Amino acid sequence: MRRYVRTKVPGGTCFFTVNLAERSGNHLLVDRIDVLRESFRATRRDHPFRIEAAVVLPEHLHMLWTLPENDAEFSTRWALIKARFSRALEPGERCSASRSRRRERGVWQRRFYEHAIRDEQDFARHVEYIHWNPVKHGWVERAVDWPHSSFHGYVRAGLLPVDWAIAEKCPSPRRRKLGFAAQPTQLPSSGR
């Protein structure tokens, strides 16, 4: 069996992609956004971390987190969030034989993707990717129209204009495909 080695950066900032096990036609995350929010609240209460940017799509989510100084345990936090969310749902999802043997639910994919943020440019690129994602996947034409995104907080803080990431305003198909808009993201003043 392949062994996955996670990057451990105490106090670091990481980008994450977390997927539901069943992605096709599944809207569980937005249909049960209240349960997902409570799972995050409970986990952050017990194991604090800062959410720098986030988007929740119907079947996957992307987030940027900064962990407390001397703490690199993002895997524990994701395990708790996934478990809390899964336990709050009625059973009934399709479950593989291997998951059944391990007494696991079939709600989430077992693993997740993480990337340690290297510098301010890397941070800004991932914030843009997160906020562009609902447009990229065709859920909306404008980032502002997706309700489950930190984009709205960036607009309120004056870091992004409300018309950032409009599909028709992106300068080229290649830049649009990559998720870049005409105006770069300003960074929040968090001491980066």
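The values are calculated or read from the model by the stated rules, or taken from the named source; none is laboratory data. Computed from a prediction, not measured in an experiment: that's the story for all the values here. Using ideal geometry, Cβ is built from the backbone for each residue, glycine included, and neighbour counts are taken over all protein chains shown.
With the structure loaded, tell me whether SER75 is under 19 Å from GLY12 (Cβ atoms) and among the hydroxyl-bearing types (Ser, Thr, Tyr) or whether it fails that test. Break it down into steps so the answer makes sense when it comes.
Details: under 19 Å from GLY12 (Cβ atoms): yes; among the hydroxyl-bearing types (Ser, Thr, Tyr): yes.
Against the criterion (under 19 Å from GLY12 (Cβ atoms) and among the hydroxyl-bearing types (Ser, Thr, Tyr)), SER75 qualifies.
Taking segment 32-60, which residues are hydroxyl-bearing (Ser, Thr, Tyr) and either farther than 17 Å from GLU114 by Cβ or free of Cβ contacts under 8 Å to residues at least 12 places away in the same chain (or both)?
Taking segment 32-60 and keeping what is hydroxyl-bearing (Ser, Thr, Tyr), we get 39, 43.
Hit for segment 32-60 is SER39, nothing else.
Considering segment 40-50 alone, what residues qualify as being surrounded by fewer than 17 Cβ atoms within 10 Å (Cβ to Cβ) and touching a strand residue (DSSP E or B) at 6+ places or on another chain (Cβ under 6 Å)?
Going residue by residue through segment 40-50, those that are surrounded by fewer than 17 Cβ atoms within 10 Å (Cβ to Cβ) are 41-42, 44-48, 50.
Once the filter is applied, which keeps residues that are surrounded by fewer than 17 Cβ atoms within 10 Å (Cβ to Cβ) and touching a strand residue (DSSP E or B) at 6+ places or on another chain (Cβ under 6 Å), segment 40-50 yields only ARG50.
Return the only residue of THR66, THR43 being at pLDDT 95 or above, of a type in the set (Ser, Thr, Tyr) and out of contact with any helix residue (DSSP H, G or I) (no Cβ under 9 Å at 6 or more places or on another chain).
THR66
Looking only at segment 86-140, count how many residues are closer than 22 Å to ALA42 by Cα, modelled with pLDDT of 90 or more and small (Gly, Ala, Ser).
2
Identify the residue in segment 127-139 that is touching a residue at least 24 places away in the same chain (Cβ under 8 Å) and in a loop (DSSP other than H, G, I, E, B) and, among all such residues, is farthest from the chain's Cα centre (by Cα). Can you show your working first?
First, pick out the residues of segment 127-139 that are touching a residue at least 24 places away in the same chain (Cβ under 8 Å): 127-137, 139.
Filter once more, keeping what is in a loop (DSSP other than H, G, I, E, B): 137, 139.
On the way: HIS137: 14, TRP139: 16 Å.
The extreme case among them is TRP139.
Has segment 140-152 got at least one residue that is free of Cβ contacts under 8 Å to residues at least 40 places away in the same chain, part of a helix (DSSP H, G or I) and within 21 Å of ARG77 (Cβ to Cβ)?
Start the filter on segment 140-152 by keeping residues that are free of Cβ contacts under 8 Å to residues at least 40 places away in the same chain, which leaves 140-145, 147, 152.
Checking which are part of a helix (DSSP H, G or I) leaves us with 143-145, 152.
Keeping just the survivors that are within 21 Å of ARG77 (Cβ to Cβ) gives none.
No, because not a single residue in segment 140-152 is free of Cβ contacts under 8 Å to residues at least 40 places away in the same chain, part of a helix (DSSP H, G or I) and within 21 Å of ARG77 (Cβ to Cβ).
Is segment 176-185 home to any residue that is of a type in the set (Lys, Arg), farther than 23 Å from GLU59 by Cα, out of contact with any Asp or Glu (no Cβ under 9 Å at 6 or more places or on another chain) and at pLDDT below 50? So that I can check it myself, show each step before the final result.
First pass over segment 176-185, keeping only residues of a type in the set (Lys, Arg): 176-177.
Right, trim to farther than 23 Å from GLU59 by Cα and you get none.
Checking segment 176-185: not a single residue is of a type in the set (Lys, Arg), farther than 23 Å from GLU59 by Cα, out of contact with any Asp or Glu (no Cβ under 9 Å at 6 or more places or on another chain) and at pLDDT below 50.
What are the residue pairs meeting all of these: first residue in segment 61-78, first residue in a helix (DSSP H, G or I), second residue among the charged types (D, E, K, R), Cβ atoms under 7 Å, and 6 or more apart or on different chains?
PHE74/GLU114; SER75/ARG6
I'd like to verify a number: residues in segment 17-39 that are buried (at least 19 other Cβ atoms within 10 Å of the Cβ) and either among the aromatic types (Phe, Trp, Tyr) or in a strand (DSSP E or B) (or both), how many?
Looking only at that region, the number is 2.
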